[in-house]
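These notes concern the structure reproduced below.
The values are calculated or read from the model by the stated rules, or taken from the named source; none is laboratory data. Please read all numbers here as calculations on a predicted model, not as lab measurements. Positions of Cβ are backbone-derived with ideal geometry, glycine not excepted, and every protein chain shown enters the neighbour counts. Remember, those area values only see protein heavy atoms, side chains included, never the ligands or the DNA or RNA. Shrake-Rupley method; radii C 1.70, N 1.55, O 1.52, S 1.80 Å.
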Amino acid sequence: MAEAAESPGDPGTASPRPLMRDLKAVGKKFMHVLYPRRSNTLLRDWDLWGPLILCVTLALMLQKGSVDNEKDGGPQFAEVFVIVWFGAVTITLNSKLLGGNISFFQSLCVLGYCILPLTVAMLICRLVLLAEAGPVNFMVRLFVVIVMFAWSVVASTAFLADSQPPNRKVLAVYPVFLFYFIISWMILTFTPE
Amino acid sequence: MAAVDDLQFEEFGDVATSLAANPNATTISIEDPDETPKHLPGPPRGSGREEDDELLGNDDSDKTELLAGQKKSSPFWTFEYYQTFFDVDTYQVFDRIKGSLLPIPGKNFVRLYIRSNPDLYGPFWICATLVFAIAISGNLSNFLIHLGEKTYHYVPEFRKVSIAATIIYAYAWLVPLALWGFLMWRNSKVMNIVSYSFLEIVCVYGYSLFIYIPTAILWIIPQKAVRWILVTIALGISGSVLAMTFWPAVREDNRRIALATIVTIVLLHMLLSVGCLLSIVFWSGFFWMQHPQQKSRMTRASWKTDGGWHRVPTCGWCCTEAEAPV
């Protein structure tokens, strides 16, 4: 049940309470991702606001922001969006086809929220890139991205692994690994003009 | 009226007759556990016989065929229908991958590993991994070629991923479709002992592409000799898996058609592998620039002609330094 997403409140009054409640729910889930432990909060009260915010942030940061970059071949905003959401849907379908008992939106919610460490990595990379370019710069970024990638995979596995039959856990987790690997690659290879 | 007789203890005869009577009752349950060890790919009993067994399938594979037919009874518009194609465990997927890496002459991949349980998990995710492996190694090899050039601007060339994905997935689906249609057509003319379902062919093709994933990653090494050796090994393994799988299906046929089929299969596979691996080398392709102001984004290997500035693809495959006209 997505209590956080579904309650419009009184139609006549513009009450700030549901918005604050939504934001608190999103924030609470961010905390759960940053300190992953086996809990059902992400699964029980799923919502897609958090993944949307994270996806938009990531896509914006992966932009280079100049007009004549058409030929550069870097990911455009829509491309990042498509990759994240299409990837999440594919992994969810895969998980359900293998016999997992997680619902479609719960799985999307978990996968979306677990992009948080990689979004943090993107922020750090952008800051590091303001400094002088060089091998040290690259090593720092590589280290940060690897750590955050591992964090994302561990966080999402902690939530998703329980929903799979035990003899198929690896089959369900591998696409998650691939998905975050691709996003990490996009972050690592980001070079501004 | 025989109630009293029924209540009396019945004396069974001596042991011999009771054993003679009983085995009929108990053999049905005992024989099944005895027969199951035969299902496993056991030690070769004699290469010719074993090959025929593998090809024809012993009685039990007929039973599994029937059971498999009973399994897939959901209509195609339900989710459960598609779940039957993902009915594999982790160890089964690993076994199939191992079988595609180690082609043993005489062993048929389909009969040995797939055993009437074709899955779509392997082909789909192996193709996805291959697409990204090619994209990443194409990027990396391009980057390594231009390492150290101050004017080189790294671009991830993202849109080419979709082209690579289209090609690989098209190969993994359309070629099996064509092959299946061809085999069905030949089956109607010549009674072949071995015939494969469409999904089994998709499965074989999907798993046979696995060898290209490590090959694509190792292809980053810019040495020509290493690349040639890698592509030869990959094509050898992959092609032999396919050839050994499909030879039993066509060998009953006219000799020339059988040979032509196998040659076509291997040739198409070779085209795909060479195409994929060369695309890693030429990942950055060509780009043309018209404005002299963008000179700063050019690499060393560029020169000016009448039309504007051109960039030479220094691919590292056939040349290490571009020869620029003076």
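Okay, here's what the table says:
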{"item": "Test: residue in region B:203-210 that is within 30 Å of B:F85 (Cα to Cα) and open to solvent by 10 Å² or more (accessible area, probe 1.4 Å)", "result": "yes"}
{"item": "Residue under evaluation A:V170, criteria (1) among the β-branched types (V, I, T); (2) open to solvent by less than 50 Å² (accessible area, probe 1.4 Å); (3) in a helix (DSSP H, G or I), criterion not met", "result": "(2)"}
{"item": "Output for region A:166-181, where each listed residue is within 11 Å of another protein chain (Cβ to nearest Cβ), among the aromatic types (F, W, Y) and in contact (Cβ under 8 Å) with a residue 12 or more places away in the chain", "result": "A:F177, A:F179, A:F181"}
{"item": "Only one of B:L112, B:L102, B:L66 that is away from chain A (no Cβ under 14 Å) and at pLDDT 80 or above", "result": "B:L102"}
{"item": "For B:M191: the one exception among (1) over 19 Å from B:L101 (Cβ atoms); (2) at pLDDT 85 or above", "result": "(2)"}
{"item": "Test: A:L97 is open to solvent by less than 20 Å² (accessible area, probe 1.4 Å) and either more than 10 Å from chain B (Cβ to nearest Cβ) or of a type outside the set (K, R) (or both)", "result": "no"}
{"item": "Count of residues meeting criterion [open to solvent by 10 Å² or more (accessible area, probe 1.4 Å) and part of a helix (DSSP H, G or I)] in region B:249-260", "result": "5"}
{"item": "Single residue of A:S156, A:S184, A:S163, A:S95 found to be of a type outside the set (A, V, I, L, M) and free of Cβ contacts under 8 Å to residues at least 60 places away in the same chain", "result": "A:S156"}
{"item": "Filter result for the condition that a residue is within 18 Å of B:L271 (Cα to Cα), open to solvent by less than 20 Å² (accessible area, probe 1.4 Å) and touching a helix residue (DSSP H, G or I) at 6+ places or on another chain (Cβ under 8 Å), over B:I168, B:I233", "result": "B:I168"}
{"item": "Residue count for region A:115-161, restricted to those that are modelled with pLDDT of 90 or more and of a type in the set (G, A, S)", "result": "3"}
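Yes/no per residue for (1) part of a helix (DSSP H, G or I); (2) open to solvent by 10 Å² or more (accessible area, probe 1.4 Å); (3) closer than 19 Å to A:Y35 by Cα:
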residue	(1), (2), (3)
A:A131	no, yes, no
A:I146	yes, yes, yes
A:W151	yes, yes, yes
A:A155	yes, no, yes
A:A158	yes, yes, yes
A:P175	yes, no, no
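Per-residue answers, yes or no, for (1) more than 13 Å from the chain's Cα centre (by Cα); (2) among the acidic types (D, E); (3) under 17 Å from B:I126 (Cα atoms):
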position: A:V140; (1), (2), (3): yes, no, no
position: A:W151; (1), (2), (3): no, no, no
position: A:A155; (1), (2), (3): no, no, no
position: A:D162; (1), (2), (3): yes, yes, no
position: A:N167; (1), (2), (3): yes, no, no
position: A:L171; (1), (2), (3): yes, no, yes
position: A:F179; (1), (2), (3): no, no, yes
position: A:I182; (1), (2), (3): no, no, yes
